[in-house]
Amino acid sequence: MKRCEFQQGVMIPVSFPRERSKGFSRLTHFGQLGEVEGLFCLDSNALEEKSQGISQEMKEIYRTDIEQGNATIVNLNWGTLEQWKKRLEKPQQEKKRVHLLALGDVGSTVLTALKLLGGDCIHTLGIFDVNENVCKRWESELNQAAFPWEYDKLPEVVILKEEELFDCDMFVFCASKGIPPVGSEVKDVRMVQFEANKGIVSLFAKKARMSQFEGLFAVVSDPVDPLCKAAFVASNTDENGSFDGKGLRPEQIQGYGLGVMNARAAYYAKKEERFSSFLKEGRAYGPHGQDLVIANSIHAYDDTLSKELTQLAIDANLRTRELGFKPYVAPAISSAAISLILTLRGEWHYSSNFLGGVYMGCRNRTTPWGLELESLPLPKQLFVRLEKAFHGLEEIE
């Protein structure tokens, strides 16, 4: 592995299969260089084991870079060193252009929250919906929401043409159909929507490919984890149905569903003292659905308590449906708007990211050196739960 410098630090080139490895990511542990990324990347104990196969000479070369936090792994199967250097050194605008597709219940709530919360990091909010009057309504209403005498404090909402959707830094996919009506017997509402939404997300992933989109393709519609995988595959499939790697790189797609599951766990942790450890020591992992993994604490993990809190978080949307309402407000704010803003700021948040061929949720952040996934010393019982969730995602086509 050759050491190559760029403006912000150093690139470490690898050649991992495109179908199972990101284009670039932040190097925080030598174990990441041992083999193609996988679930082990979330466990610092496993990373330490993987690092045993890295030569002492290489560790000496890169030790300072890792300690200083300016090392980037670049996958040569997703671009040459020159291409990576050009991408990594591309000047970044302080405020980003964010474009939203579809303004139904979820999309309009996401838009409203981004308008109110994103003044520091969003330049403009572009909107597109098949119903032109919906766009006109939200452009008018939200641009009439302003602080007195500080009329440019909040980002402006602008109506887009469909061909302008990918002329942005972040594309937010909120399109959805096939949502079961309130009162139906469906338990996992998210997976019911998969087939219908898979076709829509695949269509727009191909449009992103044709536009040579270099920004972030953010999936908000359910089920976010399988839809991210569908977008990745569709974007990188040619006219003959073959994977060619000429579309969106894996790290360009993120799913926004885990944020609300974390928030729901915190909601119940505030209500019951026995769950209170979650508020300071807990974590959320996995898909936004039945294989969700909530850990009451990493350092003092209680498997029984964690599974109980997990089920409360999973069933929270059903409690809202029992009241006669669709449970979209908390997801649109916690999973989408807040998490999208934290992504733009480069701060820690929950989202679904590519990990060894699937998209799976965990705590992460976007940095100038690539995506950084949080790695912690995970208890064995907790890691077993993560393996079950990971394998469940592998089986979804």
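Taken together, the values in this text are just the output of simple stated rules run on the coordinates, not laboratory data. None of the values given here were measured: they were computed from a predicted structure. Positions of Cβ are generated from backbone atoms using ideal geometry, with glycine treated the same way; all protein chains shown enter the neighbour counts.
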query: Where does the chain land at 222 nm, in deg cm²/dmol rounded to the nearest 500, when only DSSP H runs of n ≥ 4 count, each adding -39500 (n - 2.57), divided by all residues?
result: -11000 deg cm²/dmol
query: How do the peptides 52-64, 26-38 rank, highest first, by the average count of neighbouring beta carbon atoms within 10 Å per residue?
result: 26-38, 52-64
message: Rg over Rh of segment 211-261, using C-alpha atoms and the Kirkwood radius, what does it come to?
response: 1.02
statement: In whole angstrom, largest first, the equivalent ellipsoid semi-axes that the Cα gyration tensor gives for the chain are 32, 27, 20
query: Each residue of segment 108-115 in order: what ³J(HN,Hα) in whole Hz does its phi give by Karplus 6.51 cos²θ - 1.76 cosθ + 1.60, θ = phi - 60°, with x for Gly and Pro?
result: 5, 6, 4, 4, 4, 5, 5, 4
message: List the residues, sorted by chain then number, that are 5 or more residues from His123 or on another chain and whose placed amide H is less than 5 Å from its amide H.
response: Lys96, Arg97, Val98
message: Going by average Cβ density within 10 Å per residue, which order do the peptides 313-326, 363-376 take, highest to lowest?
response: 363-376, 313-326
Nonlocal amide H pairs with Arg363, under 5 Å, H built at 1.01 Å: Glu374
query: Between Ile298 and Asp105, how many nm apart are label points set 7 Å from Cα along the C-beta direction?
result: 3.5
- line: For Val74, the residues 5 or more places away or on another chain with a placed amide H closer than 5 Å to its own amide H are Ile12, Val14
task: Could I have the simple spin-label model distance between Asp244 and Asp120, label points 7 Å from Cα toward Cβ, reported in nm to one decimal?
output: 4.3
- line: Around Asn364 (Cβ within 11 Å, Cβ-to-Cβ, excluding Asn364; K/R +1, D/E -1) the net charge comes to -1
- prompt: How much of the DSSP beta bridge set in the chain is antiparallel, as a percent to the nearest 5?
  reply: 45
